[in-house]
1. Identify, please: which residue in segment 253-265 is surrounded by fewer than 24 Cβ atoms within 10 Å (Cβ to Cβ) and among the hydrophobic types (A, V, I, L, M, F, W, C) and is, among those, nearest to W290 (Cα to Cα)?
2. Kindly indicate whether any position in segment 282-302 is surrounded by fewer than 19 Cβ atoms within 10 Å (Cβ to Cβ), touching a strand residue (DSSP E or B) at 6+ places or on another chain (Cβ under 9 Å) and of a type in the set (A, V, I, L, M).
3. Which condition number in (1) in contact (Cβ under 8 Å) with a residue 40 or more places away in the chain; (2) under 26 Å from E189 (Cα atoms) is the one that D310 fails?
4. Tell me which strands (runs of 3 or more DSSP E) are completely within segment 396-471 and hold 2 or more residues being more than 30 Å from W535 (Cβ to Cβ), or say none if there are none.
5. What is the residue count in segment 189-216 for residues that are part of a helix (DSSP H, G or I) and either buried (at least 18 other Cβ atoms within 10 Å of the Cβ) or among the hydroxyl-bearing types (S, T, Y) (or both)?
6. Quick check on segment 286-298. Is at least one of its residues more than 32 Å from the chain's Cα centre (by Cα) and not in a strand (DSSP E or B)?
7. If only one of G358, G382 is under 22 Å from Q53 (Cα atoms), at pLDDT 95 or above and in a loop (DSSP other than H, G, I, E, B), which one is it?
8. Looking only at segment 64-82, how many residues end up being without any contact (Cβ under 8 Å) to a residue 60 or more places away in the chain, under 15 Å from the mean Cα position of the chain (by Cα) and either in a strand (DSSP E or B) or crowded, with 19+ Cβ neighbours inside 10 Å (or both)?
Amino acid sequence: MEDTKKNDNKKSNNNNQKQQPGQQGGGKKDKKQPTGLGIEAKKEEDFPSWYSQVITQSEMIEYYDVSGCYILRPHSYFMWEQIKDFFDKEIKNLGVENAYFPLFVSKAALTKEENHIAGFAPEVAWVTKSGQSDLSEPIAVRPTSETIMYPAFSKWIRSHRDLPLKINQWCNVVRWEFKNPTPFLRSREFLWQEGHTVFSKQEHADAEVLDILELYRRVFEEILCVPVIKGKKSENEKFAGGLYTTSVEAFIPATGRGIQGATSHCLGQNFSKMFDIQFENEKEEKVYAWQNSWGLTTRTIGVMVMVHGDNKGLVLPPKIAPTQIVIIPILLSNQDEGEKKLQLEKCEEFRVSLKAKGYRVHLDDRLGYSPGWKYNHWELKGVPLRVEVGPKDVKEQSAVVARRDNGEKVKVAWTEVVSKVDELIAKIPVDMLDKARKERDSYLTKADNWEAFMGALEAKKIVMAPWCDTIACEENVKDKSAKASKEKPATGSDGHIVMPTGGAKTLNLPFETEAVEPGTKCFCCGQDAKVRALWGRSF
């Protein structure tokens with residue numbers, strides 16, 4: 001808890017304790033006591049414990065008695081609503097309509113597309129009983145909704161005039177994960193949006209795949225301030241049953257692992273042939289439709305926490321923060337009552353002015369809690385800005401504005417508080433994204449041979465490498481790198497993570513990368529390289 005007790009504000013250092021009921025705010029004679037708010041695990045030393053403590057103590061998650069399922073508390077659900085509101089508006093501008101399809105899918109429908117179900121089979125949850133009676137046929141809980149929606153699409157589409165059909169739904173899905181369930185990142189039930197669209201021509205489907213992928217980039221970079229890399233998935237990593245898959249990939253520097261942010265798939269005509277989604281074109285010919293599907297989940301929130309969080313707790317970008325500004329009056333027990341009244345009035349005036357501008361602002365005027373305790377409380381929750389008004393500030397008619405992301409503080413006149421908040425709310429996202437991108441790039445390296453590739457992985461990096469673009473070679477990379485990781489300790493003698501374990505795989509084939517020059521060889525098998533791929537260990 002050492003880090004949470006440190007505060008570069010002198011008032012906080014003198015008052016870093018929770019008051020007992022009935023006590024006044026921190027006077028000089030108050031004894032220091034632990035706040036009870038600290039994150040005990042260090043991000044750089046014990047990442048899993050740090051992550052668990054941050055998401056529970058900041059009141060984002062409550063654990064549940066069904067393993068792999070979690071309660072999203074208001075603090076985190078609000079964040080999902082912000083993502084949802086942004087994305088929903090943007091896809092409606094593209095002509096997408098929202099609908100809702102059933103939670104359950106019949107076995108016959110689910111297993112109709114063999115490659116598709118093969119990709120989900122281990123994770124499908126089945127309902128086999130109703131009360132004490134066995135069902136005549138098991139019913140699956142949706143792991144995704146292609147096989148639920150597409151029989152309906154085949155009824156709705158008859159002519160080219162019925163296209164394009166663009167449907168999205170916001171819902172939950174169940175995938176019975178057994179790989180170390182982790183809140184937000186890997187859970188058995190999660191929230192998402194899934195878009196399913198139908199076109200008359202492939203070029204229209206191809207264009208939409210990239211339009212949606214760009215919206216996903218904007219979610220991560222404009223709302224969450226997390227840099228991502230856009231690209232195409234390898235054949236081995238694409239969506240089961242689809243023609244090709246594109247993705248945005250993020251990176252968690254503290255773990256040395258990449259993480260898939262969101263995916264946009266072109267399904268080709270595979271599903272339309274399976275579910276008989278045909279239409280009559282302008283030449284009065286019966287042809288199969290072209291389809292896409294695309295999805296974004298609550299995983300986005302976990303990625304943001306992992307990228308920006310520190311040893312004090314959450315660090316939230318303004319657009320996602322439930323509370324953007326907290327105002328804290330610094331009330332001391334030996335203060336004149338008239339002075340306290342003026343402080344509170346001025347703080348309330350700031351609150352009203354900031355709220356009128358559309359900010360989500362909170363005035364923390366609770367008694368029985370010291371200023372230092374309140375600082376720690378709101379830092380843990382990741383509030384982007386804090387406005388402090390103390391006795392000395394009243395005399396000077398000033399206030400202190402503190403940033404959560406970098407700890408910087410500035411004293412401003414009362415008349416300038418609102419304009420300073422405007423300035424910082426606009427600046428913080430730019431700085432957060434820039435910092436995260438620079439850190440990500442410091443872990444992004446190139447390798448032209450196996451030795452350089454493994455050296456980069458052991459240094460917790462992601463790697464751009466020339467590759468032959470074959471499934472067999474990718475499987476070989478995964479196996480060889482997994483074997484190599486077992487031969488070296490994952491942690492050093494002091495407990496620090498030296499290298500992540502497990503095999504490496506392609507994250508994606510970035511759109512923005514150098515061309516492969518003739519004669520370039522695959523870093524692994526030595527055959528002619530066809531592409532440059534982004535490789536790494538992943539969540």
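1. Applying the filter and picking the extreme gives I259.
2. So the first thing to find is which residues in segment 282-302 are surrounded by fewer than 19 Cβ atoms within 10 Å (Cβ to Cβ), and the list is 282-288.
Filter once more, keeping what is touching a strand residue (DSSP E or B) at 6+ places or on another chain (Cβ under 9 Å): 286-288.
So of that shortlist, the ones also of a type in the set (A, V, I, L, M) come out as 287.
Yes.
3. (2)
4. On the way: elements: 398-403, 409-413, 444-446, 462-467.
Per the criteria, 398-403, 409-413.
5. Counting residues in segment 189-216 that are part of a helix (DSSP H, G or I) and either buried (at least 18 other Cβ atoms within 10 Å of the Cβ) or among the hydroxyl-bearing types (S, T, Y) (or both) gives 7.
6. Checking segment 286-298: at least one residue is more than 32 Å from the chain's Cα centre (by Cα) and not in a strand (DSSP E or B).
7. Only one candidate qualifies: G382.
8. Quick first cut of segment 64-82, residues without any contact (Cβ under 8 Å) to a residue 60 or more places away in the chain only: 64-65, 71, 73, 77, 81.
Imposing the further condition that a residue be under 15 Å from the mean Cα position of the chain (by Cα) reduces the set to 77, 81.
If we keep only those that are either in a strand (DSSP E or B) or crowded, with 19+ Cβ neighbours inside 10 Å (or both) as well, we get none.
Number of matching residues: 0.
The values are calculated or read from the model by the stated rules, or taken from the named source; none is laboratory data. Nothing here was measured: the structure is a model prediction, and the numbers come from that model. Glycine gets a Cβ as well: all are built from the backbone with ideal geometry, and neighbour counts include every protein chain shown.
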